[in-house]
Amino acid sequence: MSARATQSLIDVYREITHLAADADVDLDAPLSDTLHWDSVSQIELIVNAEELYGVRLGEADIRDCRTLGDFIASVERRADAG
């Protein structure tokens with residue numbers, strides 16, 4: 001994925017977690033430590049990624065995603081494979 005695609009996922013994450021548009025996002029921070037992060041947030045991020053990039057993420061794609069960086073890498077792998 002391009003840097004632009006990565007930025008789009010970061011922007012979606014900011015929206016879901018109610019972060020300001022200019023807030024720094026640590027791609028290596030555990031998602032579980034994120035304020036306003038819950039199972040609904042996770043589903044929102046997955047659905048948005050699937051819609052943005054025309055991929056279908058399965059359990060194997062997201063099972064080990066602990067950080068936003070992990071999630072972005074998983075979406076990139078799926079997009080490259082599809």
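For the range 2-25, how many residues meet the condition of being surrounded by fewer than 17 Cβ atoms within 10 Å (Cβ to Cβ) and more than 12 Å from the chain's Cα centre (by Cα)?
9
State all residues of the range 51-78 that are in a helix (DSSP H, G or I) and open to solvent by 30 Å² or more (accessible area, probe 1.4 Å); if no residue qualifies, say none. It would help to see each step written out before you state the result.
Here is the first cut: in the range 51-78, the ones in a helix (DSSP H, G or I) are 51-53, 59-62, 68-78.
Scanning the range 51-78 gives GLU51, LEU52, TYR53, GLU59, ALA60, ILE62, ASP70, ALA73, GLU76, ARG77, ARG78.
Cβ-Cβ under 7 Å, sequence separation 6+ or interchain: first residue in the range 62-82 and without any contact (Cβ under 8 Å) to a residue 12 or more places away in the chain, partner in a loop (DSSP other than H, G, I, E, B) and of a type in the set (Asp, Glu). Which pairs?
ASP70/ASP64
Residues in the range 27-37 that are free of Cβ contacts under 8 Å to residues at least 40 places away in the same chain and either open to solvent by 80 Å² or more (accessible area, probe 1.4 Å) or in contact with a Pro (Cβ under 7 Å, 6 or more places away or on another chain) (or both): how many? Quick ask: steps written out before the conclusion?
Here is the first cut: in the range 27-37, the ones free of Cβ contacts under 8 Å to residues at least 40 places away in the same chain are 29-30, 32-37.
Still in the running and either open to solvent by 80 Å² or more (accessible area, probe 1.4 Å) or in contact with a Pro (Cβ under 7 Å, 6 or more places away or on another chain) (or both): 32-33, 35-36.
The qualifying residues number 4.
So which residues in the range 38-50 are surrounded by 10 or more Cβ atoms within 10 Å (Cβ to Cβ) and either at positive phi or of a type in the set (Ser, Thr, Tyr) (or both)?
Correct list: SER41 only.
The values are calculated or read from the model by the stated rules, or taken from the named source; none is laboratory data. Treat the numbers as computed from the prediction; the structure is a model and nothing was measured. Here Cβ is always computed from backbone atoms with ideal geometry, including for glycine, and neighbour counts include all displayed protein chains. Heads up: the accessible areas ignore ligands, DNA and RNA and are worked out on the full protein's heavy atoms, side chains in. Shrake-Rupley method; radii C 1.70, N 1.55, O 1.52, S 1.80 Å.
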